[in-house]
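Asks: This is the structure I have questions about; it appears just below.
The values are calculated or read from the model by the stated rules, or taken from the named source; none is laboratory data. Model, not experiment: these values are computed from the prediction. Cβ coordinates were reconstructed from backbone atoms using ideal geometry, including for glycine residues, and neighbour counts include every protein chain displayed. Side chains included, ligands, DNA and RNA excluded: accessible areas come from the protein's heavy atoms. Shrake-Rupley method; radii C 1.70, N 1.55, O 1.52, S 1.80 Å.
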Amino acid sequence: MTTLLNNPLRPALLAAARSPKLQATVTRMRATRALVDRFVAGESEPAAVTAVDALLASGRFVSVDYLGEDTTDRAQASATVASYLSLIERFSSRRGTTNALEVSLKLSALGQGIDRDLALENARRICAAAEAAGVWVTVDAEDHTTTDSTLSIVRELRVDFPDLGTVLQAYLRRTEADCVELSGPRSRIRLCKGAYNEPSSVAFQGTREVSDSYLRCLKILMDGRGYPMVASHDPEMIEAAETFASAAGRSSEDFEFQMLYGIRDQEQRRLVVANRHVRVYVPYGEQWYGYFMRRLAERPANLMFFARSLVSRS
């Protein structure tokens, strides 16, 4: 399987993900829509809920992300909180399977870049509403400059919300140590490879290096006392998760696989048939550009599909 580091255009695409000028151009292009629809479950809450209901009916779990990041406006941060609270209220009537419903938060969308305590309090409001509704919460990882702040907020929130999950990125050199620290009782760690453009001083650059780091981190989590969440589409990592879980005496209830909306749907269904917990990361909202560009950067096939769409419409 092609991994995120095999795309020679990856650095340029990740840089483009943070370019307002390119965002304005790409979001106006009609050809963009076909590929965006593959990765994003619509721009509105009703569209997201429709996608969620279909996934739940197929036996899969969900983690819903209201798209947005790098917020520098307090009013926008408050609007993001309101969107999550509305979504959680809708979820409160869909409790069919324990822990099947989750929301994912980017702290930068909650005001982390404005004031750490603003992001903390906004996240606390969402966690309180989610706990009352029987919905899990996981705090997403962003680029390495936010990692210390993010993990400090997670530690503070877990005092009151011990089931709060967070994301660790295997391509960061620090992550193995973070896994050791955060693999204790009731911890929930989503382990992914990473999707940002990071310097070699803090992140592994080679495909094999990243995979090896992922395997080391995954074994730590499986041998720990928490609930590992294996976020990967890589067959090697899926097979390793099964092996490590069995060696650690874990049942299928004691860990889960996570995959992105619109990617490897048949593999998701295969794992469900094999009685594995599979959670699908479901993004929605109008601010889809950054997420979309990171998906293009991950696999050359995604970029080629987009390029063909442009040519066919020119």
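Asks: What pairs can you find where one residue is in the range 234-260 and small (Gly, Ala, Ser), the other is part of a helix (DSSP H, G or I) and at pLDDT 95 or above, and their Cβ atoms are less than 7 Å apart, with a gap of 6+ or different chains?
Replies: That search, which allows pairs on different chains as well, returns Ala240/Leu215; Ala240/Leu218; Ala241/Leu218; Ala245/Met222; Ala248/Met222; Ala248/Asp223.
Asks: Can you name the residue in the range 143-200 that is in a helix (DSSP H, G or I) and of a type in the set (A, V, I, L, M) and is also most open to solvent (accessible area, probe 1.4 Å) among such residues?
Replies: Val180
Asks: Could you pull out the residue among Leu168, Leu182, Leu157 that is under 15 Å from the mean Cα position of the chain (by Cα) and under 23 Å from Ala100 (Cα atoms)?
Replies: Exactly one residue qualifies, and that residue is Leu168.
Asks: Next question, about the same structure. List, please: which pairs have Cβ atoms under 9 Å, are six or more places apart or on different chains, and start with a residue in the range 203-231 that is part of a loop (DSSP other than H, G, I, E, B) and end with one that is of a type in the set (S, T, N, Q)?
Replies: The qualifying pairs are Phe204/Ser213; Gly224/Ser183; Gly224/Ser187; Arg225/Ser183; Arg225/Ser187; Gly226/Ser183; Gly226/Ser187.
Asks: Please find, among Leu87, Leu14, Leu5, the residue that is modelled with pLDDT under 95, part of a helix (DSSP H, G or I) and buried (at least 21 other Cβ atoms within 10 Å of the Cβ).
Replies: The match here is Leu14.
Asks: Of these, Ser200, Ser183, which one is free of Cβ contacts under 8 Å to residues at least 60 places away in the same chain and either among the charged types (D, E, K, R) or in contact with a Gly (Cβ under 6 Å, 6 or more places away or on another chain) (or both)?
Replies: Ser183
Asks: Looking only at the range 244-268, which residues are part of a helix (DSSP H, G or I), open to solvent by 10 Å² or more (accessible area, probe 1.4 Å), under 24 Å from Ala195 (Cβ atoms) and not acidic (Asp, Glu)?
Replies: The answer is Phe244, Gln266.
Asks: Inside the range 201-219, can you point out the residues that are of a type in the set (A, V, I, L, M, F, W, C), over 16 Å from Phe257 (Cα atoms) and open to solvent by 10 Å² or more (accessible area, probe 1.4 Å)?
Replies: Selection gives Val202, Phe204.
Asks: Still on this structure, please answer the following. Mind counting the residues in the range 142-191 that are among the β-branched types (Val, Ile, Thr) and more than 24 Å from Glu121 (Cα to Cα)?
Replies: 2
Asks: Now for a separate question. Taking Ala119 as the residue in question, decide whether it is surrounded by fewer than 19 Cβ atoms within 10 Å (Cβ to Cβ), assigned to a helix (DSSP H, G or I) and not basic (Lys, Arg).
Replies: In short, no.
Asks: Turning to a different aspect of this structure: Out of Ala77, Ala54, Ala82, report the one residue that is over 30 Å from Arg270 (Cβ atoms), out of contact with any helix residue (DSSP H, G or I) (no Cβ under 7 Å at 6 or more places or on another chain) and free of Cβ contacts under 8 Å to residues at least 60 places away in the same chain.
Replies: Ala82
Asks: Considering the range 36-69 alone, what residues qualify as being open to solvent by 20 Å² or more (accessible area, probe 1.4 Å) and part of a helix (DSSP H, G or I)?
Replies: Asp37, Arg38, Glu45, Pro46, Ala47, Thr50, Asp53, Ala54, Leu56, Ala57
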